[in-house]
Amino acid sequence: MGTEDLRADVAIVGAGIAGASIAWWLTRLDPKLSVVLLERDTGFGSSSSQLSASSIRQQFSTPVNIQMSQFGLEFLRGVPSLLAVEGEAVEIGLTLPGYLFLASPTQAEVLRAQNVIQRAHGARIELLGPDALAARFPWLNTADLALGSHGVDVEGWFDGPALHSALLRSARAQGARLVRAEVSDFEFAPSAPGASPDSRRVAALRLADGRRVVCGQAINAAGAWSRRLAAAAGIELPVHARRRTVFVLSCPASLPGCPLVIDPEGFWFRPEGKHFIFGTTPDPDADDLPLEPNLTEFDEEAWAALAHRVPAFESLRVERAWAGYYEMNQFDHNALLGLHPGFANLWCATGFSGHGMQQAPAAGRGIAELLLYGAFRTLDLSPLSVGRIAEGRRVLESNVIG
């Protein structure tokens, strides 16, 4: 392969949902901008964007996460026209039966406190006592429950791979280039005498095949691989690949109106076509495991817990399973966005910790606004600044699933 340099105003490392969203917003807001997406696996076989359960909710405990998902929902509702290319509408199967967080008596006050925050920020989340839960979801065992929190019509799930493909296709139609390449290193411009310590500047990205990408701005949107990329620039980024196995279950009984259910024990399930999907947090939860489903996570204990919550699940059967990575931000389990401290043109959009599919539209717009205008214009995402790591400032989000 030849070693001719590539050139771009903005080079985005990673063409998953975060990188694709940034490219889409940049080329939409400034069509003259030259944007290149560098992706080592353009088939996206191990991409979290293609392996996600692809859900969206407003039941968070921090305002910035609530607002990002509200923005994301409006974006998803507009996808058929927003991402249409040459008049071909996009369908992502957006379904909004809600999330249902269930609380034991010891968890109920936390759910109530979170509901105050959610409703104060415009999230239409309803609290349901045991009788109301039993009436609305007669298939649910409510004997040991004190409260439920349900976000009908504003929460649900969608076809994540379809959204990712449509964003990427639309971004390319707007002028972004997708290049199959693996970034191996950074080249930095020489520092001028007396330069600010925050002015270290990326001059080019070095690719594994010997080429260089000369760029004005560089963005690390490499997802579960972003820590490795950051290390090449001398940055310690606390983002680790954490494997999550999703099990596909069949059950002869139907569960009318079934939302995405989060049990007090920590597992979740939801309908998926004629089946159900189920997941939980593995123990131990190690870094960088092979991207293969761990079938032992669905054991007798997991089956018993599901059957306890939904008696009809006594007859369920595991059909298959898959695994994907969470790009888990070990610092505080929230997205890391913005300019890396110490750099003039190296940006970060990673660490979504399982929230990437729903937060990508807002994060992409936010990074584009910072890069183009020097400030957020739509949503203030400054609480999620990557600079908070050096400051020791954690964003405390109570509702992290998995």
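The values are calculated or read from the model by the stated rules, or taken from the named source; none is laboratory data. Just so we're clear, the structure is a prediction, and the values are computed from it rather than from any experiment. Methodologically, a virtual Cβ is constructed for each residue, glycine included, from the backbone with ideal geometry; neighbour enumeration extends over all protein chains shown. These accessible areas exclude ligands, DNA and RNA; they are computed on the full protein's heavy atoms, side chains included. Shrake-Rupley method; radii C 1.70, N 1.55, O 1.52, S 1.80 Å.
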Exercise for review: Kindly provide the set of residues from segment 330-385 that are among the polar types (S, T, N, Q) and farther than 20 Å from S199 by Cβ, ordered by number.
Suggested key: Q330, N334, T350, S353, Q358, Q359, T378, S382
Check your understanding: Does any residue of segment 370-379 turn out to be at pLDDT below 95, surrounded by fewer than 20 Cβ atoms within 10 Å (Cβ to Cβ), aliphatic (A, V, I, L, M) and not in a helix (DSSP H, G or I)?
Key -> no
Point to revise | Top-ranked residue in segment 332-368 [being in a strand (DSSP E or B) and without any contact (Cβ under 8 Å) to a residue 60 or more places away in the chain; ranked as nearest to Q67 (Cα to Cα)] | key: L337
Point to revise | Considering residues of segment 88-112 that are within 24 Å of R365 (Cβ to Cβ) and not β-branched (V, I, T) only, the residue most open to solvent (accessible area, probe 1.4 Å) | key: E91
Review point. If you go through segment 55-62 one residue at a time, do you hit one that is surrounded by 17 or more Cβ atoms within 10 Å (Cβ to Cβ), out of contact with any His (no Cβ under 6 Å at 6 or more places or on another chain), within 27 Å of S385 (Cβ to Cβ) and of a type in the set (D, E, K, R)?
Key: yes
Check your understanding: Does segment 256-274 hold any residues that are in contact with a strand residue (DSSP E or B) (Cβ under 9 Å, 6 or more places away or on another chain) and open to solvent by less than 60 Å² (accessible area, probe 1.4 Å), and which are they?
Key -> C258, P259, L260, V261, I262, D263, P264, F267, W268, F269, R270, P271
Study note, to complete from the structure: Expected output for segment 189-202 (first residue part of a loop (DSSP other than H, G, I, E, B) and modelled with pLDDT of 65 or more, partner open to solvent by 90 Å² or more (accessible area, probe 1.4 Å) and not hydrophobic (A, V, I, L, M, F, W, C), Cβ below 6 Å, 6+ apart or cross-chain) is A189/R201
**Study point:** Some residue of segment 311-331 being of a type in the set (G, A, S), farther than 30 Å from F247 by Cα and not in a strand (DSSP E or B)
**Key:** no
Check your understanding: Can we say E74 is closer than 30 Å to L147 by Cα, without any contact (Cβ under 8 Å) to a residue 24 or more places away in the chain and open to solvent by 50 Å² or more (accessible area, probe 1.4 Å)?
Key -> yes
Revision key, fill the gap. Per the list (1) closer than 27 Å to S170 by Cα; (2) among the basic types (K, R); (3) in contact (Cβ under 8 Å) with a residue 24 or more places away in the chain, residue check on R377 breaks on (3)
**Study point:** Index of the failed condition, F298 passing every other in (1) more than 30 Å from P130 (Cβ to Cβ); (2) in contact (Cβ under 8 Å) with a residue 24 or more places away in the chain; (3) aromatic (F, W, Y)
**Key:** (1)
Check your understanding: When the residues of segment 215-255 are filtered to those that are assigned to a helix (DSSP H, G or I) and in contact (Cβ under 8 Å) with a residue 12 or more places away in the chain, which remaining residue is most open to solvent (accessible area, probe 1.4 Å)?
Key -> R227
Point to revise | Scan of segment 256-302 for residues that are more than 22 Å from the chain's Cα centre (by Cα), within 24 Å of T106 (Cβ to Cβ) and not in a loop (DSSP other than H, G, I, E, B), ordered by number | key: E301, A302
**Study point:** segment 142-151, residues that are in a loop (DSSP other than H, G, I, E, B) and polar (S, T, N, Q)
**Key:** T142
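The rows are residues; the columns are (1) at pLDDT 95 or above; (2) touching a helix residue (DSSP H, G or I) at 6+ places or on another chain (Cβ under 6 Å).
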residue	(1), (2)
L26	yes, yes
P31	yes, no
V35	yes, yes
S47	no, no
Check your understanding: Looking at N345, N334, which is the one that is buried (at least 17 other Cβ atoms within 10 Å of the Cβ), over 21 Å from L249 (Cβ atoms), of a type outside the set (K, R) and touching a Leu at 6+ places or on another chain (Cβ under 7 Å)?
Key -> N334
Practice item. Select from segment 89-141 the residues that are basic (K, R) and in a loop (DSSP other than H, G, I, E, B) and list them in ascending order. Key: R124
